[in-house]
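Report on the structure given below.
The values are calculated or read from the model by the stated rules, or taken from the named source; none is laboratory data. Quick caveat, the model's predicted, so the values are computed rather than measured. With ideal geometry, Cβ positions are generated from the backbone for all residues, glycine too; neighbour counts draw on all protein chains shown.
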Amino acid sequence: MTLSYPDVMGEYISTRERFGTGGVQYAGYFEPGVAAPGQVVNLFVFLQNVLSVPITIQFELILPREGGFFGGGDAALEVSELQFELKFSPAEAGLLTIPVIVTAEAKHKKYTLIVVPKTKMEGRGERVRAEKSQSVLESRFIDSLVGLNLVGALGANFVEKVVKQGEFILEVRGEGEESDEQPLKYSYQTLSTQKEINIFNHAIHELNLRRVKFNAELTPEALFVTLLGASTVKLAESGLPLHLGEAITFARVLTYTCQYFLDSPARYNGLLLPIWERALEGSYDTTDALDVVCTVGYYHLLKLSVALSFGIIAEFTGRQMWSLEERQGVIEFIADNIETGQPLELDFLYLPLLIAGTHISRQLVMEGEDVAHSLSLMKGAYETRHKLFADNEMAQIKNVYNAILQKALS
């Protein structure tokens, strides 16, 4: 069986231009992107070996300087080591973190730290990762794939730019003070190796073999009933016992998300492939597809549902009301808290899941369901939540939901 090599970097970074040199693809950023003198920041560089053989990368860092002639003067940025080496297994991907100190000599301006990677291949290999890619997921509802575990299945949006060195910009601004702190040593974290690639391909093979059977098992009604039971238990564990109308609406938006992916040949694996990877890695029994999706896959489904819900609300309002960073934070917060049974405020149940679930109620009606009655139950539950959206900053959200609910009931 010919192996497929999923893109890994796109799961962590959305930049459309990646640097490429000698068999390694990389991109990165400073965090934070703006710093004052004396402050410590991190340069995060995501890398992936695009070859089928091991490579060794020798890094040289060129620091910006202030004053002096012909590149002399005092360093505006400081690191612990200017040169170091990393070894990558075939097709390995990872994260290089370089702590950087902004020195007292730095002025209020933008500085460029240059990373020069020189690679050496162990033997003759072939390229196994693409030089450019276009995701098959349209951006109608989900405008960023980062953090959603979709890139391996649906691809990322990028073009590789062949360069000898990568340039990373840090803006210095604000008042600071001289620091006696010494920069920490760089660190490297492996994100993917041949083990994960083998699991990825095993999952694809199993999904392809069972696709027809899945279509019969993963019906909207079957998913809805199972997700209704699972969600009621999980939310109660997070301190949010649901009224019946809320439980129905919550299960509906999760089921809608399943159908959004399952009904499209292009999006199909975006739902199931990450779930099957997790199941195979954990040696779960995958005989019952419905059980796998609703138990092993609940976390993945929940993250997709939150992301999709923000897009559904944006389509209703005609604009995206939250920044990408805000939405990504909410996605992680909701999914992590429900998955681990940690407390979750009621506002996060409504925003965005129950708001979006109310809006699509008439688009996904279960067999034999009186959707008007379900919406009436949702309205009744909403009216008992007196503390919901109590913050002045949430008044706009309350108005949006009132408009959505009124439209759904009409």
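Worth pointing out:
- Close contacts from the stretch 333-346, counting a first residue that is over 11 Å from LEU235 (Cβ atoms) and a second that is surrounded by fewer than 16 Cβ atoms within 10 Å (Cβ to Cβ) and polar (S, T, N, Q), with Cβ to Cβ under 8 Å and a gap of 6+ residues or different chains, come to ASP336/GLN342.
- Residue ranges of helices (runs of 4 or more DSSP H) in the stretch 250-326 with at least 3 members farther than 29 Å from LEU405 by Cβ and within 16 Å of the chain's Cα centre (by Cα): 268-281
- So PHE19, is it of a type in the set (Phe, Trp, Tyr), surrounded by 20 or more Cβ atoms within 10 Å (Cβ to Cβ), on the phi < 0 side of the Ramachandran plot and in the same structural domain as ALA130 (by TED's automatic domain parsing): yes
- Residue in the stretch 351-358 that is loosely packed, with under 14 Cβ neighbours inside 10 Å, at pLDDT 95 or above and not hydrophobic (A, V, I, L, M, F, W, C) present: no
- ALA153 passes every criterion in (1) modelled with pLDDT of 95 or more; (2) more than 20 Å from the chain's Cα centre (by Cα) apart from (2).
- Test: residue in the stretch 212-220 that is farther than 30 Å from SER4 by Cβ, touching a residue at least 60 places away in the same chain (Cβ under 8 Å) and of a type in the set (Lys, Arg): no
- Number of positions in the stretch 338-375 that are assigned to a helix (DSSP H, G or I), closer than 17 Å to VAL306 by Cα and not acidic (Asp, Glu): 16
- THR232 satisfies every condition listed in (1) touching a residue at least 40 places away in the same chain (Cβ under 8 Å); (2) surrounded by 15 or more Cβ atoms within 10 Å (Cβ to Cβ); (3) not small (Gly, Ala, Ser) except (1).
- Within the stretch 195-224, the set of residues being of a type in the set (S, T, N, Q), more than 26 Å from the chain's Cα centre (by Cα) and surrounded by 15 or more Cβ atoms within 10 Å (Cβ to Cβ) comprises just one member, THR219.
- Checked against the criterion of being under 22 Å from the mean Cα position of the chain (by Cα) and surrounded by fewer than 12 Cβ atoms within 10 Å (Cβ to Cβ), the candidates SER139, SER144, SER133, SER192 yield just one match: SER139.
- The set of residues in the stretch 136-183 being among the charged types (D, E, K, R) and either outside the structural domain of VAL102 (by TED's automatic domain parsing) or more than 20 Å from GLN25 (Cβ to Cβ) (or both) consists of GLU138, ARG140, ASP143, GLU171, ARG173, GLU175, GLU177, GLU178, ASP180, GLU181.
- Any chance SER305 is buried (at least 24 other Cβ atoms within 10 Å of the Cβ), within 29 Å of GLU196 (Cβ to Cβ) and not acidic (Asp, Glu): yes
- Boolean, LEU227 is closer than 17 Å to LEU364 by Cα, assigned to a helix (DSSP H, G or I), of a type outside the set (Gly, Ala, Ser) and under 20 Å from the mean Cα position of the chain (by Cα): no
- Of all the criteria given as (1) small (Gly, Ala, Ser); (2) in contact with a Phe, Trp or Tyr (Cβ under 6 Å, 6 or more places away or on another chain); (3) under 30 Å from MET9 (Cα atoms), the one not satisfied by SER231 is (3).
Residue by residue, here is whether (1) free of Cβ contacts under 8 Å to residues at least 40 places away in the same chain; (2) within 14 Å of ILE313 (Cα to Cα); (3) not assigned by TED's automatic domain parsing to the domain that holds PHE224 holds:
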{"residue": "HIS359", "(1), (2), (3)": "no, yes, no"}
{"residue": "MET366", "(1), (2), (3)": "no, no, no"}
{"residue": "GLU369", "(1), (2), (3)": "yes, no, no"}
{"residue": "SER374", "(1), (2), (3)": "no, no, no"}
{"residue": "LYS387", "(1), (2), (3)": "no, no, no"}
{"residue": "ASN392", "(1), (2), (3)": "yes, no, no"}
{"residue": "GLN396", "(1), (2), (3)": "no, yes, no"}
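- Of the residues making up the stretch 24-52, those that are surrounded by fewer than 21 Cβ atoms within 10 Å (Cβ to Cβ) and part of a loop (DSSP other than H, G, I, E, B) are PRO32, GLY33, ALA36, GLY38, GLN39, SER52.
- Of everything in the stretch 156-189 that is buried (at least 17 other Cβ atoms within 10 Å of the Cβ) and of a type in the set (Gly, Ala, Ser), the residue that is farthest from PRO6 (Cα to Cα) is GLY166.
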